[in-house]
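Worksheet for the structure shown next.
The values are calculated or read from the model by the stated rules, or taken from the named source; none is laboratory data. Note that this is a predicted model, so its numbers are computed, not measured. Neighbour counts run over all protein chains shown; Cβ positions are idealised from the backbone, glycine included.
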Amino acid sequence: MRDLSFDVRPGVVTGFLGPNGAGKSTTMRLMLRLCLGGGVTTFGGRRVDQMRQPTRTVGAMLDPTAHHPRRSARAHVRMLAAAAGTDDRRVDEVLGLVGLTDVAGRASGGFSLGMQQRLALAAALVGDPEYLILDEPANGLDPQGIRWLRDFLTTLTDEGRTVLLSSHQLAEMAQTADEVIVLGRGRIITQGPLGDFVDRFTRRHVLIRTPTPHHLADCLHANGIGPVTPRGPDGLVVAGETSTDEIGELAAHYGVVLHELSPHSSSLEDAFLEATATSTEYTTHPTKHPTKHQTTGRGR
């Protein structure tokens, strides 16, 4: 790992992104002093190893399977509550917050991955911490559970808590994170507001459909608008900062009929792939499949 330096602000969800092997999980473990390294992470001015009851300041969710399978969900959280110095009322409260009240007496070994994720989140919250570090908390959750998690994290940040969230589910991260830190090969590629990240690494464009695409393309070029590329038999894509209003007014001036004129922005996934294109640990190549006239393996 190279030296990293970043700040995570309270009251927002900060997405921690990077390809496999970029160092996200290692960084989180280093922050919590679960791995030894040369860096220093402070929470409210103190390292976790300087705190008498660290789980009352920092809640962590790194491994959803970190519980004894024969122990009930309630017993697991109750054990952690004792270490945090909180009482059973907080245990019942956090189990209710994550939706496990009805199964609190069941052995956690029989839980689905989604239920284990909820249990791990309850464990992270039992000390009522100001800071939360969550590694892939949406894994195993169904669509309803993912939406619940998104709303739940928003509630936590609305309370002023600081949330650092790692996830590979970029479409969901786009709806959850306010800011992002993008890691690649152990270094920070960029950090800041999510919208700024998408704008920096992608290009906006306008999609046009018209019965006279070649004529409109010539009109756009003549007025310095572009680049313009064809799309399909009646479509044009206009890259750059030109607005739909400008294009619409220009089309009206030249008497061009428009069937569609719509702005499009690239996605978080597009920005992520562009930003990390040179930071992946490996690349894949298309596999050439045998044709029907070829055989694989030994002949008969």
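Every residue in region 229-257 that is surrounded by 14 or more Cβ atoms within 10 Å (Cβ to Cβ) and over 26 Å from Ala275 (Cβ atoms), please.
Asp234, Gly235, Leu236, Thr244, Glu246, Ile247, Gly248, Leu250, Ala251, Tyr254, Val256 - these are the residues of region 229-257 that are surrounded by 14 or more Cβ atoms within 10 Å (Cβ to Cβ) and over 26 Å from Ala275 (Cβ atoms).
Do you know which residues across region 230-278 are over 21 Å from His214 (Cα atoms) and among the hydrophobic types (A, V, I, L, M, F, W, C)?
Leu268, Ala271, Phe272, Leu273, Ala275, Ala277
Given the structure, is Arg118 among the basic types (Lys, Arg) and touching a Leu at 6+ places or on another chain (Cβ under 6 Å)?
Values: among the basic types (Lys, Arg): yes; touching a Leu at 6+ places or on another chain (Cβ under 6 Å): yes.
Against the criterion (among the basic types (Lys, Arg) and touching a Leu at 6+ places or on another chain (Cβ under 6 Å)), Arg118 qualifies.
Mind telling me which of the residues Thr176, Thr202, Thr157 ends up being farther than 26 Å from Ser266 by Cα and of a type in the set (Val, Ile, Thr)?
Working: Thr176 fails: farther than 26 Å from Ser266 by Cα; Thr202 fails: farther than 26 Å from Ser266 by Cα.
Exactly one of Thr176, Thr202, Thr157 is farther than 26 Å from Ser266 by Cα and of a type in the set (Val, Ile, Thr), namely Thr157.
Which count do you get for residues in region 5-36 that are modelled with pLDDT under 85 and touching a strand residue (DSSP E or B) at 6+ places or on another chain (Cβ under 6 Å)?
1
Only residues in region 16-33 that are within 24 Å of Gly45 (Cβ to Cβ) count as the first member; pair them with residues that are modelled with pLDDT of 90 or more and assigned to a helix (DSSP H, G or I), Cβ under 7 angstrom, at least 6 apart or cross-chain, and list the lot.
Phe16/Lys24; Leu32/Val48; Arg33/Val48; Arg33/Asp49
Does region 46-72 hold any residues that are touching a His at 6+ places or on another chain (Cβ under 8 Å) and surrounded by 14 or more Cβ atoms within 10 Å (Cβ to Cβ), and which are they? Before you say what the answer is, go through the steps one by one.
So in region 46-72, the residues touching a His at 6+ places or on another chain (Cβ under 8 Å) come out as 67-68.
Hit for region 46-72 is His67, nothing else.
Just to be sure I understand the filter: pairs with C-beta atoms under 6 Å, separated by 6 or more residues or on different chains, first member in region 199-218 and touching a residue at least 24 places away in the same chain (Cβ under 8 Å), second member among the acidic types (Asp, Glu) and not in a strand (DSSP E or B). Which pairs pass?
Filtered contacts from region 199-218: Phe201/Glu274; Thr202/Asp270; Arg209/Asp234.
If you scan region 8-22, which residues turn out to be crowded, with 18+ Cβ neighbours inside 10 Å and among the small types (Gly, Ala, Ser)?
Gly15, Gly18, Ala22
Report yes if Ser108 is closer than 19 Å to Gly145 by Cβ, of a type in the set (Gly, Ala, Ser) and touching a His at 6+ places or on another chain (Cβ under 7 Å), otherwise no.
Details: closer than 19 Å to Gly145 by Cβ: yes; of a type in the set (Gly, Ala, Ser): yes; touching a His at 6+ places or on another chain (Cβ under 7 Å): yes.
So Ser108 fits the description; yes.
Could you list, in sequence order, the residues of region 115-149 that are of a type in the set (Lys, Arg) and either buried (at least 20 other Cβ atoms within 10 Å of the Cβ) or touching a strand residue (DSSP E or B) at 6+ places or on another chain (Cβ under 9 Å) (or both)?
Kept after step one, since they are of a type in the set (Lys, Arg), are these residues of region 115-149: 118, 147.
Of everything in region 115-149, just one residue is of a type in the set (Lys, Arg) and either buried (at least 20 other Cβ atoms within 10 Å of the Cβ) or touching a strand residue (DSSP E or B) at 6+ places or on another chain (Cβ under 9 Å) (or both), namely Arg118.
Return only the number of the condition from (1) without any contact (Cβ under 8 Å) to a residue 12 or more places away in the chain; (2) buried (at least 19 other Cβ atoms within 10 Å of the Cβ) that Phe43 does not satisfy.
The number of the failed condition is (1).
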